[in-house]
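Data first, discussion second: the structure below is written as structure tokens.
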Number of protein chains: 2
Amino acid sequence: MASRSRRRGAELVAALHAAVLAELEEAGLGRLTMEGVARRAGTAKTTLYRRWATPGALLLEAIGAAYPVEEPSPAADDLRGDLIRALELLLEWSRHPSARAVQAILTERHRYPELTAGLQEVFDGAGSRFTATVLRHYARLGHLDPAALTPVVEDLGEALVLKYGIDTGSEPGPDRLAEIVDQAILPAVRAGRVPTGPESE
Amino acid sequence: MASRSRRRGAELVAALHAAVLAELEEAGLGRLTMEGVARRAGTAKTTLYRRWATPGALLLEAIGAAYPVEEPSPAADDLRGDLIRALELLLEWSRHPSARAVQAILTERHRYPELTAGLQEVFDGAGSRFTATVLRHYARLGHLDPAALTPVVEDLGEALVLKYGIDTGSEPGPDRLAEIVDQAILPAVRAGRVPTGPESE
């Protein structure tokens, strides 16, 4: 049986990721230290410094490790279903401690510009926003006009899910997720297929 | 010249509204008291209790007094322009201290269910959401299908402006407001005019 000090490799890293997120939740960004993380993880501070220069670097790695990447259904042609699954993935992620870590950084973005920039790299690496990977996949297949995938349109899913949470204090249910896809995302990406306005007449 | 104690009517009420918002900003919801508001406004606590039973009731009235109501251009037929103006009105409101008061209540909604319910009444009285009054006006004129004005669609403007602020820490500029209208709101309300999908064939 491995003792606590014998953990290594992926197991140790996972334990340190969990420790930095738990420490953040309790201490807050302003009091996040390597000491605190090491104590919580039952490891030596030197072990941490061997790999990460700052607690912020460890925190960003923990956020990145928990950040999901959408996978559009490989064979199926199911834009609507894939968008709903992307929003379900967003809800699932939002329950993970790393989602609260993201919120903590963004709330104090002006105090932590380096963490905020690091966060942006994590998001970019994972495909920028929830639903964006799916939308770009269908644009590559020729089912959507790539020009329709603007920052506003790629923001629709996250914005409406977030707003629902702020307004109601709860998660949107399956019906609301489907409404977001049917009433906001699909009309927006389809509007891009057929130009509207005077130019098209 | 009126002394401080001689203020009355609308002037006194406006001073008390400003005082409760300033007191909230400094003390926070958990420490908002009639004493604090009275001291800040330079008036007697009894003056406050004559009109409001709790500091929360005064706070809600202050939020309501600052909450704008959209006015669609009366003669012009300018849905796009009226929607952009509705979003500009939202930005203007978001700079007022009462917007931070709304945020403070919603952040602690589980601790203050009565304030949260009172807030909802304020919003409903003002036409529910920014852009909703404009959209309903054009639906009444027969320019939009009223069935397209769902909670998701009426939420688009506020959701996308809010999300932009969270992501960037700044306000959307005029270009972004126009993109929100052109790429999200207009496609969503127009999708309602002409049914899409198999049923329409």
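A compact table of results
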read-out	value
Residue satisfying condition, being crowded, with 21+ Cβ neighbours inside 10 Å and within 30 Å of B:Gly165 (Cβ to Cβ), within set B:Leu91, B:Leu87, B:Leu48	B:Leu87
Odd one out for A:His96 among (1) within 17 Å of A:Gly81 (Cα to Cα); (2) surrounded by fewer than 17 Cβ atoms within 10 Å (Cβ to Cβ); (3) not hydroxyl-bearing (Ser, Thr, Tyr)	(1)
Residues satisfying the stated conditions in the stretch A:173-194, i.e. part of a helix (DSSP H, G or I) and either charged (D, E, K, R) or at positive phi (or both)	A:Asp175, A:Arg176, A:Glu179, A:Asp182, A:Arg190
Condition check for B:Ala159: buried (at least 21 other Cβ atoms within 10 Å of the Cβ), away from every other protein chain (no Cβ under 12 Å) and among the small types (Gly, Ala, Ser)	no
Residue ID - nearest to A:Leu149 (Cα to Cα), chosen from residues in the stretch B:174-185 that are surrounded by 21 or more Cβ atoms within 10 Å (Cβ to Cβ) and within 8 Å of chain A (Cβ to nearest Cβ)	B:Gln183
In the stretch B:35-64, residue farthest from the chain's Cα centre (by Cα) [restricted to those that are aliphatic (A, V, I, L, M) and within 14 Å of B:Leu12 (Cα to Cα)]	B:Ala44
Residue count for the stretch B:146-156, restricted to those that are surrounded by fewer than 21 Cβ atoms within 10 Å (Cβ to Cβ) and under 21 Å from the mean Cα position of the chain (by Cα)	3
Enumeration of residues in the stretch A:24-70 that are in a loop (DSSP other than H, G, I, E, B), more than 24 Å from A:Arg111 (Cβ to Cβ) and either in contact (Cβ under 8 Å) with a residue 12 or more places away in the chain or in the same structural domain as A:Leu87 (by TED's automatic domain parsing) (or both)	A:Gly42, A:Thr43, A:Pro68, A:Val69, A:Glu70
Sole exception among (1) surrounded by fewer than 18 Cβ atoms within 10 Å (Cβ to Cβ); (2) within 13 Å of chain A (Cβ to nearest Cβ); (3) assigned to a helix (DSSP H, G or I); (4) not charged (D, E, K, R) for B:Ser170, by number	(3)
Residue satisfying all of: in the stretch B:123-145; part of a helix (DSSP H, G or I) and within 14 Å of chain A (Cβ to nearest Cβ); surrounded by the fewest Cβ atoms within 10 Å (Cβ to Cβ) among these	B:Asp124
Residue satisfying all of: in the stretch A:67-84; crowded, with 18+ Cβ neighbours inside 10 Å and not hydroxyl-bearing (Ser, Thr, Tyr); farthest from the chain's Cα centre (by Cα) among these	A:Leu79
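The values are calculated or read from the model by the stated rules, or taken from the named source; none is laboratory data. Source: prediction; values computed, not measured. Note: ideal-geometry Cβ built from the backbone for every residue, glycine included; neighbour counts use all protein chains shown.
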